Structure formats: structure tokens, C-alpha cells
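Down below is the structure, laid out as C-alpha cells.
The values are calculated or read from the model by the stated rules, or taken from the named source; none is laboratory data. Note that this is a predicted model, so its numbers are computed, not measured. No Cβ is skipped: glycine too gets one built from the backbone with ideal geometry, and neighbour counts run over all protein chains shown.
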Amino acid sequence: MEGAHPEIMRRLNEINLDKTEGYGIDPYSAHAMELIREACQAPKAEVRFLVGGTQTNAVVIDSMLRFNEGIIAPQTGHINVHEAGAIEACGHKVIPAKAVLGKIDLDALETYLETFTEELNAVGWEHYVVPRAIYVSMSTELGTLYSLAELTRLRGLCDRFNLYLYIDGARLGYALAAPACDVTLPDVARLADVFYIGGTKVGALFGEAVVVTNPAIQVTRGHIKGRGAMLAKGWLLGVQFETLFTDGLYFKIARNAVMQALKLRDGLVEKGYEIYLDSPTNQQFVVMPTKRLETLSQKVGYDVICTLDAQNTVIRFCTSWATTDAQLAHLISCL
């Protein structure tokens with residue numbers, strides 16, 4: 001809902017009249033790539049800058065898969081339910097997997113992969129959409145986190161069944177900033193074949209930084225251009241990520257969102273509200289009497305998640321890098 005961190009706005013204004021090459025071939029983008037490789041402890045990683053999450057998912061997944069290959073995603077995964085068929089429009093099937101609180105059920109996934117592989121070997125691979133990658137997000141659509149043990153197991157399944165692991169990082173900063181998270185950015189870079197670092201939701205005006213650690217995956221400039229995803233003024237992306245990854249700014253501002261969200265959760269509990277699920281990140285889900293929503297909507301912003309029963313609705317509040325104590329106090333007072 002906010003624009004960008006003030007330091008990004010200052011830097012954009014500072015270099016506004018500089019003349020650099022377009023399409024991401026500029027010193028700001030080059031420096032941002034180096035800063036991201038350093039933060040990921042992945043000196044050989046390829047880094048690409050794109051504008052938004054859906055665009056990024058479509059380009060990356062299309063780069064990973066051949067014509068008859070699909071990608072497994074949790075039932076609630078963004079590419080499965082919230083991207084208007086963007087992946088399918090590239091010719092690739094999204095294969096929904098059983099999910100629990102937004103996360104893939106790893107036992108069910110292992111059973112599915114074992115059974116499907118046996119069937120393919122018996123009948124013939126040419127008849128099927130073949131799973132070639134797994135998609136997860138940190139944090140999930142329900143604000144939950146994969147533990148290091150879960151991601152490590154997922155990596156093992158990918159190795160066993162010859163699959164790529166792709167991590168959607170639209171909210172990655174908020175995931176890594178959560179006290180409950182035992183995963184680091186270098187862990188993500190080590191375990192995923194490709195992932196992206198979300199800027200749009202975490203301090204930038206717009207932009208996502210794709211990090212490719214598996215050289216078998218080629219997210220080429222030509223592919224980005226061919227999908228209409230290359231920004232002519234690419235330096236606008238570069239300078240934003242250069243700023244976010246200077247002096248740890250990205251992680252500092254992400255912590256604000258999580259701390260405010262946890263204070264909000266405590267405030268909701270103190271006022272007697274039922275928390276719908278335990279989210280340790282910047283998304284908080286609360287059961288709200290439906291009759292109160294009309295009045296509440298005139299005072300604060302929230303998302304409707306689902307109708308719980310005849311009297312109650314589940315809504316979501318999101319804090320951000322810019323959420324202030326005063327805003328939080330106002331929200332709690334409205335409840």
C-alpha cells in the first residue's frame with residue numbers, strides 16, 4: 001500500500017538525470033547483482049531483475065520446463081489460485097498438491113511422486129504431463145514458514161525424482177525476519193535451484209530479483225525480452241536492489257513488519273478475538289463477526305479470506321516495512 005523506502009526515493013532522485021544504458025546493462029544493476037550474490041553466499045549465481053511476481057513466476061517457470069513438463073504447487077499456492085492462468089498460458093500445467101496450512105504435505109508428495117513414477121515407467125512418459133519442478137513460497141499464502149528441515153527434505157525429494165526446486169520469494173524478507181524462522185538467505189540459495197527476492201512487498205516501488213543457482217536453468221535476457229518482461233529503464237530496478245542490499249537495509253526494514261504483526265496478534269488476543277491460524281510473519285488472520293465488517297471497512301484496510309460460518313468471517317491484516325506504532329495503535333483501537 002505504501003510507495004518505497006525513503007532511502008530508495010532519495011537514491012532515485014539522486015541519479016535521476018544520470019545517463020546509463022538501458023535494459024539492465026548499467027552499473028547500478030551490476031553492483032546490485034554483486035551485493036545479492038554476496039548476501040546469498042553464491043558467487044556464481046545468475047541474477048535477473050523483473051518487475052512483478054506473476055511476471056517473474058511465468059518467466060522463470062517457462063525457462064525451467066519443456067513443452068510437456070509441469071510444476072507441482074501446493075493447492076493454495078499463488079501460481080495455482082491467484083495468477084489468472086499465467087503459467088498455463090506459457091503451456092505448462094500447474095499440478096496441485098495436498099497442502100496443510102499453506103505448505104505442501106511432504107509425506108503425501110513423496111507418495112504421489114513414487115506412485116506417479118511407477119505408472120510412468122509402466123505406461124510410458126510420452127502420454128503424460130511430467131512433473132519437472134516443485135514450487136513453494138516463503139512465507140506461504142497463509143503466513144506460514146517452511147523449516148530448514150522441511151526444505152532440506154524437499155531438496156532431497158527433488159534430487160531423488162530429478163526435479164527443480166523453485167521458491168517464490170515475494171515475502172521472503174518477512175519470512176527470514178520472523179523469529180520463528182530457522183532458514184537463512186544462504187540456506188535458500190543452497191537448497192533452491194532458483195528463487196527470487198521480493199522487492200515489491202518489501203521496500204521497493206516495484207521489482208523482484210531472480211537468483212539462479214543451478215546452471216542447468218537458463219533465465220536468459222532473450223527469454224525475459226521475449227515474454228515482454230524486460231524493463232527498458234532497467235536501472236530503476238538495479239538502483240532499488242542496490243539500495244536494499246546496502247548495509248543490510250532489506251533485512252532491517254523487514255523486521256519492522258514482523259515485529260508489528262506480532263504486536264498486532266497480541267492486541268487481537270487481548271481484545272478477545274480468535275486467531276484463525278498461527279502465522280509468525282507479517283500476515284495475521286483473525287475471526288471477525290461478519291456484522292462488524294461494514295463498520296470496520298470504513299476505518300481500516302483488510303482482506304476477506306473466507307466465510308467461517310453464518311456469523312463469522314476470516315479476515316487478514318498485513319503489516320509492512322513502513323507500519324508505524326501509531327498506525328498499529330489506531331487499528332487496535334478500531335477493534
(request) Quickly run through the stretch 292-335 and pick out the residues that are over 15 Å from residue 266 (Cα atoms), exposed (fewer than 14 other Cβ atoms within 10 Å of the Cβ) and among the hydroxyl-bearing types (Ser, Thr, Tyr). (result) 295, 297, 307, 324
(message) Taking the criterion of being crowded, with 18+ Cβ neighbours inside 10 Å, closer than 19 Å to residue 206 by Cα and hydroxyl-bearing (Ser, Thr, Tyr), would at least one residue in the stretch 75-84 satisfy it?
(response) no
(message) When the residues of the stretch 194-218 are narrowed to those that are in a strand (DSSP E or B) and among the β-branched types (Val, Ile, Thr), which ends up nearest to residue 133 (Cα to Cα)?
(response) 194
(message) For the stretch 101-122, give me the residue count where each residue is in a helix (DSSP H, G or I), surrounded by 15 or more Cβ atoms within 10 Å (Cβ to Cβ) and without any contact (Cβ under 8 Å) to a residue 12 or more places away in the chain.
(response) 1
(request) Would you mind stating whether residue 219 is assigned by TED's automatic domain parsing to the domain that holds residue 39 and under 17 Å from residue 25 (Cβ atoms)? (result) yes
(request) Within the stretch 128-141, identify whether any single residue is part of a helix (DSSP H, G or I) and either over 30 Å from residue 49 (Cβ atoms) or of a type in the set (Val, Ile, Thr) (or both), and answer yes or no. (result) no
(request) State the number of residues belonging to the stretch 110-160 that are hydroxyl-bearing (Ser, Thr, Tyr), under 21 Å from the mean Cα position of the chain (by Cα) and farther than 19 Å from residue 93 by Cβ. (result) 6
(message) I need every pair where a residue in the stretch 17-30 that is of a type outside the set (Gly, Ala, Ser) has its Cβ under 7 Å from the Cβ of a residue that is modelled with pLDDT of 95 or more and not in a loop (DSSP other than H, G, I, E, B), sequence separation at least 6 or different chains.
(response) 20/27; 20/235; 26/235; 26/238; 28/235; 28/238; 28/239; 28/242
(request) Could you check how many residues of the stretch 296-335 are within 23 Å of residue 170 (Cα to Cα) and part of a loop (DSSP other than H, G, I, E, B)? (result) 8
(request) Within the stretch 158-190, work out how many residues are under 19 Å from residue 63 (Cβ atoms) and assigned to a helix (DSSP H, G or I). (result) 3
(request) Return the total of residues in the stretch 256-273 being charged (D, E, K, R) and in contact with a helix residue (DSSP H, G or I) (Cβ under 8 Å, 6 or more places away or on another chain). (result) 2
(request) Would you please name the residue that is surrounded by the most Cβ atoms within 10 Å (Cβ to Cβ), looking only at residues in the stretch 126-140 that are over 16 Å from residue 197 (Cα atoms) and touching a helix residue (DSSP H, G or I) at 6+ places or on another chain (Cβ under 8 Å)? (result) 134
(message) Take the residues in the stretch 213-241 that are exposed (fewer than 12 other Cβ atoms within 10 Å of the Cβ) and either of a type in the set (A, V, I, L, M, F, W, C) or modelled with pLDDT under 95 (or both); name whichever of them is nearest to residue 45 (Cα to Cα).
(response) 216
(request) Please work out which residue is nearest to the chain's Cα centre (by Cα), limiting yourself to the stretch 85-107 and to residues that are closer than 21 Å to residue 69 by Cβ and among the small types (Gly, Ala, Ser). (result) 86
(request) Look at the stretch 236-274 and say how many of its residues are touching a residue at least 60 places away in the same chain (Cβ under 8 Å), within 25 Å of residue 197 (Cβ to Cβ) and outside any helix (DSSP H, G or I). (result) 2
(request) State whether the residues of the stretch 86-100 include one that is touching a residue at least 60 places away in the same chain (Cβ under 8 Å), more than 27 Å from residue 237 (Cβ to Cβ) and crowded, with 17+ Cβ neighbours inside 10 Å. (result) no
